[in-house]
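Quick notes on the structure that follows.
Any read-out appearing in this document is the output of simple, stated calculations on the displayed coordinates, not a laboratory observation. Every value quoted in this text rests on a predicted model; they were computed, and no experiment measured them. Counting neighbours? That spans all protein chains shown, and the Cβs are built from the backbone with ideal geometry, glycine included.
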Amino acid sequence: MKIFAFGQTLEEISIEQVVPERPAIFLAESRSALQAMKLAQMVYEGEINLGEVAFCKMEVQQECLVGSLCIPKLLDVLGSRYRILFLINRKNIVIIDDDGFADRLIRRIRNSKTRQGQTRERFIYNFMTQFMSRDPVVLAQYEKKLMDLEEKISAGEAQGIQNDILPIRRELLTLRGYYDEMMDLGKELEEDENHFFSKKQLKYFGTIVDRADRLMTKTSHLLEYAQQVKDAYQAQIDAEQTNNMQFLTVISTIFFPLTLITGWYGMNFQNMPELRSGYPYVIILSLIVILIIIFIFKKKKML
């Protein structure tokens, strides 16, 4: 299939270069989208505004299919995204992208794929699987991070780990939603409501659905793992708090009878026993009380 580009780096074309009988891919920016759609004989009932693209979805119209891609940047999942619109009719495809991301994807396909896109179905398959090709590696990196955090918790180095877990969970939730949207988009293509595609070629869209499903399943497992790591961290914090409370309980139990004894002998009544020479006896009594309490705590394995 021939690829034409408007306002980007692949090539500039004129209407005379387009062969009406042959399918083509038209790559355009927002400012040149109408020109590309005219050459592709694309009838679209809507406005071209990449700023409003917020989801990966597919819309079926009478004359064309309209898809939007809102792709997270793998180095900054929670940041800005690549936003692309693509339109498909019975013969051509128009891709609208202001970031040059689609251009880079097509160049990667040209450099790495032996079957680059002899049909529209094959091109769509290559295009969508290309921007999901690095996701398994990224998910493996998340798994490694969680394993490292788990090892730190096991080693008792839990300080500040919660600040590391929360961003990971937010990013994984974002990716899971993205893969879910890609599954729905692939299913819409596979249904082929307008009968734009060859039945023999619909298998490619099923492969897109399967890949998105595997990535979403992996992401869900990582979210469960992240929750387990968080629970292990919380369990360690609770154990430390329990130990601190137990220590305070022991100290309070030891000093409570001593406070009672010193309070009793600190009243200094005239007829109080051992008023003049009782100080050594009070010290001995206090030591005996301390030893008895320590013995009781040792027996109950609280010390």
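Here residue 240 and residue 290 are evaluated by their C-beta separation; at R0 = 35 Å the FRET efficiency comes out at 0.85.
Each of residue 162 and residue 99 was given a label point 7 Å from its Cα along the Cα-to-Cβ line. The distance between the two points is 3.3 nm. Residue pairs exceeding 22 angstrom between C-alpha atoms, taken from 91/187; 145/187; 57/203: 145/187.
In segment 179-244 the Cα-Cα distances spread across 10 Å bins starting at 0 as 20, 28, 17, 14, 11, 7, 3 percent of all pairs.
Of all aspartates and glutamates in the structure, the ones whose alpha carbon falls short of 16 Å from that of residue 218, not counting any fewer than 8 places away in one chain, are 135, 143, 171, 180, 181, 210. Taking 7 Å steps out from each Cα toward its Cβ at residue 75 and residue 221 produces label points 2.9 nm apart.
If you plug the beta carbon distance of residue 47 and residue 207 into 1/(1 + (r/R0)^6) with R0 = 25 Å, you get a FRET efficiency near 0.20. Rounded to the nearest 0.05, the FRET efficiency derived from the C-beta distance between residue 143 and residue 251 at R0 = 45 Å is 0.55.
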